[in-house]
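Chemist: Sharing a structure below in structure tokens format, with a few things to ask.
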Amino acid sequence: RVYTFGATGILNALDARDGKVVWSRNAAADTEKKVPDWGFAGSPLVTGDAVIVAAAGRLAAYDLATGKVRWMGPAGGAGYSSPHLATIGDQTQVLLVNGAGIVAVAPTDGTLLWKHEWRGDGIIQPALTADGDLLIGSGSGIGDGSKTGTLRLKVAHGPSGWTVEERWTSI
């Protein structure tokens, strides 16, 4: 199969041999998000038996076989970033940069693992450094109080749960 996510919020599962639609969902309607100014712009993420999309800053997961909604992530600020699969602290998680900052959820059920508020444009993909830190960025300078620059975070899991520490920012 091939999974596509269009600018109007339509998620399609297509047969890779002939391009026929296997199933289709309206992620905009499912997440109750209106189409952003420049449309939805993220790429679908296939992990396990689910496909995950970001609809204007909110994650939504669908069953690969049927298209049935699996889970909805927490509401967040608008954004154009794609869901990003990462392993932090030996735990696989889906990261999403949105206008409110960054969130991490469990890929199986969408449970919020941690979040960090850092108002930005929600466009740039997060990046893991070689030593396990996380970089997030914002760059459009849209004039609404959003930050422009890069933030380095140390994310760790300990006995009392997840912690997020700002190491530095280029702002």
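The values are calculated or read from the model by the stated rules, or taken from the named source; none is laboratory data. Predicted model only: the values in this text are computed from it and were never measured. Heads up, the Cβs are rebuilt from the backbone with ideal geometry, glycines too, and the neighbour counts pull from every protein chain shown. SASA here: full protein model, heavy atoms, side chains in, ligands and nucleic acids out. Shrake-Rupley method; radii C 1.70, N 1.55, O 1.52, S 1.80 Å.
Chemist: Could you run through the range 1-11 and say how many residues are more than 16 Å from T47 (Cα to Cα) and either free of Cβ contacts under 8 Å to residues at least 40 places away in the same chain or open to solvent by 40 Å² or more (accessible area, probe 1.4 Å) (or both)?
Modeler: Summing the residues that are more than 16 Å from T47 (Cα to Cα) and either free of Cβ contacts under 8 Å to residues at least 40 places away in the same chain or open to solvent by 40 Å² or more (accessible area, probe 1.4 Å) (or both) in the range 1-11 gives 4.
Chemist: Taking the condition assigned to a loop (DSSP other than H, G, I, E, B) and farther than 14 Å from G9 by Cα, does A41 pass?
Modeler: No; evaluated as a whole, the condition is false for this residue.
Chemist: In the range 47-68, what residues are among the hydrophobic types (A, V, I, L, M, F, W, C) and either modelled with pLDDT under 95 or open to solvent by less than 50 Å² (accessible area, probe 1.4 Å) (or both)?
Modeler: A50, V51, I52, V53, A54, A55, A56, L59, A60, A61, L64, listed by residue number.
Chemist: OK, next. How many of the residues making up the range 12-31 are under 16 Å from the mean Cα position of the chain (by Cα) and open to solvent by 70 Å² or more (accessible area, probe 1.4 Å)?
Modeler: 0
Chemist: Something else about it: Considering the range 110-131 alone, what residues qualify as being of a type in the set (G, A, S) and surrounded by 13 or more Cβ atoms within 10 Å (Cβ to Cβ)?
Modeler: The answer is G110, G120, G122, A127.
Chemist: Give me the pairs, please: first residue somewhere in the range 26-41 and over 17 Å from V97 (Cβ atoms), second residue anywhere and of a type outside the set (A, V, I, L, M) and surrounded by fewer than 13 Cβ atoms within 10 Å (Cβ to Cβ), beta-carbon distance under 6 Å, and either six or more positions apart or on two chains.
Modeler: The qualifying pairs are V35/T8.
Chemist: Hey, another quick one. Evaluate the range 39-46: report whether one residue or more is at pLDDT 95 or above and either crowded, with 19+ Cβ neighbours inside 10 Å or over 24 Å from I123 (Cβ atoms) (or both).
Modeler: Looking through the range 39-46, at least one residue is at pLDDT 95 or above and either crowded, with 19+ Cβ neighbours inside 10 Å or over 24 Å from I123 (Cβ atoms) (or both).
Chemist: Hey, another quick one. What residue, among those in the range 69-88 that are aliphatic (A, V, I, L, M) and closer than 23 Å to G99 by Cα, is surrounded by the fewest Cβ atoms within 10 Å (Cβ to Cβ)?
Modeler: Restricting to residues being aliphatic (A, V, I, L, M) and closer than 23 Å to G99 by Cα, the top hit is L85.
Chemist: Okay, moving on. Just to check your reading of the model, which residue among A156, A78, A104, A100 is on the phi < 0 side of the Ramachandran plot and out of contact with any Gly (no Cβ under 7 Å at 6 or more places or on another chain)?
Modeler: Result of the check over A156, A78, A104, A100: A104.
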